[in-house]
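A.B. asks: The structure's right below; bear with me while I get my questions together.
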Amino acid sequence: MSLGLDPYVGFYHQPRFGRPALALDVMEEFRPLIAESVVLTCINNRMVLPKHFVQAGKAVKAEPWDPETYETAVSTVRQDVASLHRSQISKDL
């Protein structure tokens, strides 16, 4: 607020009581990067297999994820992002 930005007024997200729409708008830029990283990590590490999907006609639906598999994937992506960040910092120094 000291810079004149109201965290509760956003562009993409509608204002709701107690919801910081501006913070959600800023986070939106990183959502595809993180979400795609988790999905690709699961595919590359064979955490998600064809048996985890159900086909109904031409549609394909994912079965609910095992929470442990999800946490493992997210943790792996966090570690990858942190190591990438550390290597970038060392290059800058």
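A.B. asks: Among the residues of region 18-37, is any more than 23 Å from Gln79 (Cα to Cα) and in contact with a Leu (Cβ under 9 Å, 6 or more places away or on another chain)?
C.D. replies: yes
The rows are residues; the columns are (1) of a type outside the set (S, T, N, Q); (2) under 14 Å from the mean Cα position of the chain (by Cα); (3) loosely packed, with under 13 Cβ neighbours inside 10 Å; (4) not in a helix (DSSP H, G or I).
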residue	(1), (2), (3), (4)
Arg46	yes, no, yes, yes
Val60	yes, no, yes, yes
Trp65	yes, no, no, yes
Ala82	yes, no, yes, no
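A.B. asks: Counting just the residues of region 1-44 that are among the charged types (D, E, K, R) and in a loop (DSSP other than H, G, I, E, B), which one comes out surrounded by the fewest Cβ atoms within 10 Å (Cβ to Cβ)? Break it down stepwise before answering.
C.D. replies: The first filter runs over region 1-44 and keeps only residues among the charged types (D, E, K, R), leaving 6, 16, 19, 25, 28-29, 31, 36.
Next, only the ones that are in a loop (DSSP other than H, G, I, E, B) stay: 6, 29.
Working: Asp6: 11, Glu29: 9.
Ranking the qualifying residues of region 1-44, first place goes to Glu29.
A.B. asks: Just one of Arg78, Arg86 is over 17 Å from the mean Cα position of the chain (by Cα), assigned to a helix (DSSP H, G or I) and free of Cβ contacts under 8 Å to residues at least 24 places away in the same chain; which is it? Give the steps one after another, and end with the answer.
C.D. replies: On the way: Arg78 fails: over 17 Å from the mean Cα position of the chain (by Cα).
Unique residue meeting the criteria: Arg86.
Each reported figure results from applying straightforward, stated rules to the coordinates on display, with no laboratory input. In this text the structure is predicted, and so the values were computed from the model without any measurement. Reconstructed Cβ throughout: ideal geometry from the backbone, glycine too, with neighbour counts over all protein chains shown.
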